[in-house]
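Student: Structure in structure tokens, see below.
Where a number appears in this text, it was derived from the coordinates with a stated rule and is not lab data. The shown structure was predicted, so the numbers you read here are calculated from the model rather than taken from an experiment. Quick reminder, even Gly has a Cβ in these numbers, built from the backbone with ideal geometry, and neighbours come from all protein chains shown.
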Amino acid sequence: MELNNAVALITGGSHGIGAAVAQDLARRGANIAIAARHDDDGVLKVKSDIESLGRRCIFIEADLSRAAAAQECVEQTVNDFGGIDVLVHSAGSIKRGSLLEVSPEDWHSAFDVHVHAVFYLCRAAVPYMKRKRQGAIILVSSSGGLRGCAGAIAYSVAKGSLPQFVRSLARELANDNIHVNAVAPGIIRTRLQDILTPEQAKNNLDHRIPLHREGTPADVARVITTLVTNEFITGETVTIDGGMSMRMV
């Protein structure tokens, strides 16, 4: 897909991976709509950075776990920019808890944020993409979702459902020239890593990640940009974890 003057809606675009994706797509010529639950300094910075590149950027405050809010988010993007070409769902959160620890409320919340929001957003955005016979949908899963994540069962199960959603939707939309993919980041330096103790962080670098460093949001953003622009990739989930998933011990 040619990104010059394309329109991209990025959820969770005020911080971390979402912010890096928004900035990378803007550098390639896209205009950006950022959706997040709250307006904060992160939104202002990302918006300013994008506008400094000569691209347009709007912020949409929305709780995307609600169908009506997701629909309104997409419609505001279309009304402001005239269409939508790219949807990247990066919004997310993690609440720890094993099977016997996690509350039913936290279990349902994980699916609201990571699964139901995807369903609502895609239902809202796909009709506009079909009209243009062009589109790219990228979902941010997790390497923990692919392998399982001890102590965060709600998060890992919800994230693990996204690759199957991608495969199913990619098949549905192939004839409309809409490609659908996911990325599965490993340990990326975002606010989600702030819950780690120094000992856990050191163990990750020394023993779990063969490249012996954390990933950065920019590492993930570059892969997402490739998936957006390469129209011959669909139905795939790309792991970005410094080799952690291939480590046996």
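Student: On average over all directions, what projected area in square nanometres does the chain have, based on the convex hull of its Cα atoms?
Tutor: Directional mean of the projected Cα hull area for the chain stands at 13.0 nm².
Student: In the neighborhood of ALA19, defined by Cβ-to-Cβ distances under 9 Å, what is the net charge if each Lys or Arg adds +1 and each Asp or Glu adds -1?
Tutor: 0
Student: For PHE119 and LEU44 in one chain, what is 0.36 nm times their gap in residues minus the Cα-Cα distance, to one decimal in nm? Before the final figure, lay out the partial values.
Tutor: Details: separation 75, 0.36 × 75 = 27.00 nm, distance 2.79 nm.
The PHE119-LEU44 span can extend by a further 24.2 nm.
Student: To continue, here is another question. If each of GLN76 and SER161 carries a label point 7 Å out from its Cα toward its Cβ, how far apart are those two points in nm?
Tutor: 2.6
Student: What FRET efficiency comes out for ARG66 versus MET246 if R0 is 41 angstrom and r is the Cβ-Cβ distance? Round to the nearest 0.05.
Tutor: 0.60
Student: When only Cα pairs under 8 Å and 6 or more residues apart are kept, what is the percent relative contact order across the chain?
Tutor: Relative contact order comes out at 20 percent.
Student: Let me ask something additional. Using helices alone, I'd like the mean residue ellipticity at 222 nm for the chain: each DSSP H run of four-plus residues gives -39500 (n - 2.57), total over residue count, nearest 500.
Tutor: -13000 deg cm²/dmol
Student: Please give the charge dipole size of the chain, origin at the Cα centre, charges +1 on K and R Cβ atoms and -1 on D and E Cβ atoms. Round to the nearest 20 debye.
Tutor: Numbers: 26 positive and 27 negative charges, 114 e Å.
Using Cβ point charges on Lys, Arg, Asp and Glu, the chain gives about 540 debye.
Student: With a 10 Å Cβ neighbour count serving as the proxy for reagent exposure, in which order, fewest first, do LEU87, LEU99, LEU211 appear?
Tutor: LEU99, LEU211, LEU87
Student: In whole Å, largest first, what are the principal axis extents of the Cα atoms in the stretch 1-136?
Tutor: The Cα atoms of the stretch 1-136 stretch 50, 33, 22 Å along their principal axes.
Student: Something else now. Which cross-chain or sequence-distant (5 or more) residues have an amide H under 5 Å from the amide H of GLY13, H modelled 1.01 Å from N in plane?
Tutor: Amide H neighbours of GLY13: ALA35.
Student: In nm, to one decimal, how far is the ARG147 label point from the HIS212 one, both placed 7 Å along Cα→Cβ?
Tutor: Once both label points are built, they end up 1.9 nm from each other.
Student: According to a simple spin-label model (label point 7 Å from Cα along Cα-to-Cβ), what is the distance in nm between ILE233 and ASN4?
Tutor: 2.3
Student: Given the options PRO104, GLY160, GLY12, identify the residue whose Cα lies farthest towards the positive end of the charge dipole of the chain (+1 on Cβ of Lys, Arg; -1 on Cβ of Asp, Glu).
Tutor: The one lying farthest along the dipole's positive direction is GLY160.
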